[in-house]
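What follows is a set of notes on a single structure, which appears directly below.
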Amino acid sequence: MTDAATDRPADNRAAVPPAVPSKGRVAVLTADVVEDVEFFYPYYRFTEAGYEVEVITPSGGELTAARGMKLQQTTALSAVDPADYLMLYVPGGHAPLELRELPAALDFVRAFAAAGKPVGLVCHGPQVLVSAGLADGRRLTSWYGVAEEVTAAGGTWVDEAVVHDGPFFTARKPGDLPAEMHAIIEHLSRATRTAGVGNA
């Protein structure tokens, strides 16, 4: 998208996808005050890998991250259907505090888990799993400050860079993102090969 008056990109942070066939759609569910790197790193990494990324926020419109970085256009939660996506990603920061208070957001996350679709989360993102009742019996990691919540909800918290249990991929902090994204993209690639589909 460009600004007709200047012929410059209207939003210089909106991802420009590579010229390759789409591998499918990924939903990123977040809200204002998301930790900047925990949003933008996965957003760009999924795009680079050939996935179409839909950024979903409670009301749509502009997203403003914790350290001031913005994305001008997002899609409202009320306008999306979990069935349209291969997987869900939930970044951290303070955004999960808002998401965990929204029944529609919790239902959105539950729908992916019920369908066995992968759900990636980092840092404070697993707070959404706790509020959705999805932590019980799961082995998870997160920011260390969320460990007691995970345990109280019946989960097992471990101090590892990436934990994969059932549909959930969790990571502790921004520095874990390269390892987590590698694991997620490998998982999606294997699922596509197993299904024998060129475009998931």
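The values are calculated or read from the model by the stated rules, or taken from the named source; none is laboratory data. Bear in mind that the values here come from a model prediction, so they are computed numbers and not experimental data. Cβ placement follows ideal geometry from the backbone for every residue including glycine, while neighbour counts extend to all protein chains displayed. The protein model used for the area step is the full one, side chains on, heavy atoms only, and it has no ligands, DNA or RNA in it. Shrake-Rupley method; radii C 1.70, N 1.55, O 1.52, S 1.80 Å.
Kindly establish whether G60 is of a type outside the set (D, E, K, R), surrounded by 14 or more Cβ atoms within 10 Å (Cβ to Cβ) and over 22 Å from I185 (Cβ atoms). Judged against the criteria, G60 is a match. Could you go through the stretch 100-115 and let me know if any residue there is open to solvent by less than 10 Å² (accessible area, probe 1.4 Å) and more than 22 Å from L63 (Cβ to Cβ). Checking the stretch 100-115: not a single residue is open to solvent by less than 10 Å² (accessible area, probe 1.4 Å) and more than 22 Å from L63 (Cβ to Cβ). Which one is nearest to D32 (Cα to Cα) among residues in the stretch 76-106 that are within 14 Å of the chain's Cα centre (by Cα) and part of a strand (DSSP E or B)? Here the residue is G93.
A residue that is exposed (fewer than 14 other Cβ atoms within 10 Å of the Cβ), in contact (Cβ under 8 Å) with a residue 40 or more places away in the chain and out of contact with any Pro (no Cβ under 9 Å at 6 or more places or on another chain) can be found somewhere in the stretch 14-28. The set of residues from the stretch 29-57 being in contact with a helix residue (DSSP H, G or I) (Cβ under 7 Å, 6 or more places away or on another chain), aromatic (F, W, Y) and open to solvent by less than 40 Å² (accessible area, probe 1.4 Å) is empty.
Listed here are the residues, each with its yes/no results for (1) among the hydrophobic types (A, V, I, L, M, F, W, C); (2) surrounded by 14 or more Cβ atoms within 10 Å (Cβ to Cβ); (3) farther than 30 Å from P21 by Cα.
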site	(1), (2), (3)
G137	no, no, yes
G154	no, no, yes
K173	no, yes, yes
D176	no, yes, no
A183	yes, yes, no
E186	no, no, no
